[in-house]
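Participant: Sharing a structure here in structure tokens format.
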Amino acid sequence: MHQFFTPDIDLNGKSYSFNEIESKHIAKVLRKKSGDILRLTNGKGALIMGQLELVTPKICNIRVSEITTISPPKNTIHMMVAPTKNISRFEWFLEKATELGVQRITPLLCERSERKHFKHERCEKIVHAALKQSLGVHAPILEPLTPLTSIQLDKQAYIAHCLNTPKHALKEVILGKPSSTILIGPEGDFSENEIAWAIEHGAQAVHLGDKRLRTETAAIVALHTALLMND
């Protein structure tokens, strides 16, 4: 069943009208008809089932039949990741992280960042599309691009880096920590000053194994490790 992302839906209302873009998709692409059942979410835990009453390329309308509130997942992972020079690789990370169930994503601006700008609106659309595809009901929060040294780290923060200094395996230290923040640097890694700053502010240095990973690969490995070790 297809799912639609409708953040503006009134949960106290009895009906909902799709905008023209979604209506055209429902009528022309999906070829839905009056009486068909649709699945919607507001991205905040509400799962809405509704029956199509009106189907046209200009406007489609449903009658709400059922609303279920789904609790947030117990694993609340905040990924802080430096966008890659090739933005498509970072967009791939956004898609896959949303499918896996990340709760928050903060793009980091670091000393060695080759990409210093990104299109927030476009990236949000990618996140919302991934939420629909994966049938998720809790949309991750996508923060604006933020300089590393201006963030406030949570108590359970981990910085993954390649510097040849003592580090623990993420899978070992994150066990039993369902709420955590994981920092992944740019292609050139975090600088020594940035690593020192993060550790000084409470982050623990970690590694993800013996292989040298691309930024977006490292971010997915770290997220999956955090979810798996606390499932």
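All of the numbers you see were taken from the coordinates with simple rules; none came from a lab. All values derive from a computational prediction rather than experimental measurement. Please note: Cβ atoms are built from the backbone with ideal geometry, for glycine as well, and neighbour counts cover all protein chains shown.
Participant: What order, most packed first, do the peptides 218-228, 139-149 have when packing is the mean number of other Cβ atoms within 10 Å of each residue?
Facilitator: 218-228, 139-149
Participant: Restricting to Cα pairs below 8 Å that are 6+ residues apart, what does the relative contact order work out to for the chain? Please round to a whole percent.
Facilitator: It comes to 20 percent, rounded to a whole number.
Participant: Around P178, under 10 Å between beta carbons, what's the net of Lys plus Arg minus Asp minus Glu among the other residues?
Facilitator: Neighbourhood net charge equals +1.
Participant: Another question, then. Residue-wise, which Karplus ³J(HN,Hα) couplings in Hz belong to the stretch 212-229, taking 6.51 cos²θ - 1.76 cosθ + 1.60, θ = phi - 60°, and x for glycine or proline?
Facilitator: These are the phi-based 3J(HN,Hα) values: 8, 10, 5, 3, 5, 5, 4, 5, 5, 4, 5, 5, 5, 4, 4, 5, 5, 6 Hz.
Participant: Compute the FRET efficiency between E114 and H224 as 1/(1 + (r/R0)^6), taking r as their Cβ-Cβ distance and R0 = 25 Å, and round to the nearest 0.05.
Facilitator: Taking R0 as 25 Å, the efficiency between E114 and H224 is 0.50.
Participant: For the stretch 68-75, what does the Karplus curve 6.51 cos²θ - 1.76 cosθ + 1.60, with θ = phi - 60°, yield as ³J(HN,Hα) per residue in whole Hz, taken in order and with x for Gly and Pro?
Facilitator: 10, 9, 9, 5, x, x, 5, 7
Participant: OK, next. Taking H as built 1.01 Å from N, whose amide H comes closer than 5 Å to the amide H of L54, not counting residues under 5 places away?
Facilitator: Excluding prolines and chain starts, which carry no amide H, the hits are N61.
Participant: Ok, one more. Which one of A169, F90, Q103 has its Cα pushed farthest toward the positive end of the charge dipole of the stretch 87-173, where Lys and Arg give +1 and Asp and Glu give -1 at the Cβ?
Facilitator: About the Cα centre, the residue reaching furthest to the positive side is F90.
Participant: Relative to the Cα centre, what is the charge dipole magnitude of the chain, using +1 at the beta carbon of each Lys and Arg, -1 at the beta carbon of each Asp and Glu, and rounding to the nearest 20 debye?
Facilitator: 740
Participant: How long is the gain from A169 to R104 if the chain were fully straight, where each residue apart is worth 0.36 nm and the alpha carbon distance is subtracted?
Facilitator: Additional length available on full extension: 21.2 nm.
Participant: Same structure, new question: State the three equivalent ellipsoid semi-axes of the chain, derived from the C-alpha gyration tensor as the square roots of 5 times its eigenvalues, in descending order and whole Å.
Facilitator: Whole-Å semi-axes of the equivalent ellipsoid: 39, 18, 14.
Participant: Can you list residues whose amide H is under 5 Å from Y158's amide H, if they're 5+ apart or on another chain and H is modeled 1.01 Å from N?
Facilitator: Counting only residues 5 or more places away or on other chains, the set is T181, I182, L183, Q204.
Participant: Through the Karplus equation 6.51 cos²θ - 1.76 cosθ + 1.60, θ set to phi - 60°, convert the phi angles of the stretch 146-151 into ³J(HN,Hα) values in whole Hz; use x for Gly and Pro.
Facilitator: 10, x, 3, 6, 9, 7
Participant: Helix-only mean residue ellipticity at 222 nm, the chain, DSSP H runs n ≥ 4 weighted -39,500 (n - 2.57), per residue, nearest 500. What is it?
Facilitator: So the calculated ellipticity at 222 nm is -8000 deg cm²/dmol.
Participant: Check F190: other-chain or 5+ apart residues with amide H under 5 Å from its amide H, H built from backbone geometry?
Facilitator: When sequence neighbours closer than 5 places are left aside, the close amide H contacts are C162, G185.
Participant: When Rg is the radius of gyration of the Cα atoms in the stretch 3-69 and Rh is its Kirkwood radius, what does Rg/Rh come to?
Facilitator: 0.93
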